[in-house]
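One structure is given below, encoded as structure tokens.
Every number here is computed from the coordinates shown, using simple stated rules; none is lab data. All figures in this text were calculated on a predicted structure; none of them were measured in a lab. As a convention, Cβ positions derive from the backbone with ideal geometry for all residues, glycine included, and neighbour counts pool all protein chains shown.
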Amino acid sequence: MPWIKSCLCNQEKKKSPNISPPIHLLLKNDDNGIVAQGPSHAFRCKTFKKPRPCHLCHQPIINEGSCCRVCKYVCHKVCESKVST
């Protein structure tokens, strides 16, 4: 079976994809067990096909808005600067 030899001999290490760390790795625990405040939001521009409510002002986002890469927080571009960490 020549295909077995080629499968076993050709074992190249594939590069792992670049993935941002999960939220529980970004949050830090204090000695008291209290979760400390993590880094600020990592917003990216997103185009929405259907209107979505802004998590800050609760008004619908019609076309473009901002979405956090870590926690999926959605808001208007105008509301992005008002969002606390």
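Think of the range 46-85 as having a plus end and a minus end, set by charges on the Cβ of Lys, Arg, Asp and Glu; of Q59, F48, Y73, F48 sits farthest toward the positive end of this dipole.
Here the label points at C71 and C57, each 7 Å from Cα along the C-beta direction, are separated by 2.0 nm in the simple model. Here the Debye sum runs over all C-alpha atoms of the range 46-85 as equal scatterers in vacuum, and log10 of I(q)/I(0) at q = 0.23, 0.36 Å⁻¹ comes out as -0.66, -1.40.
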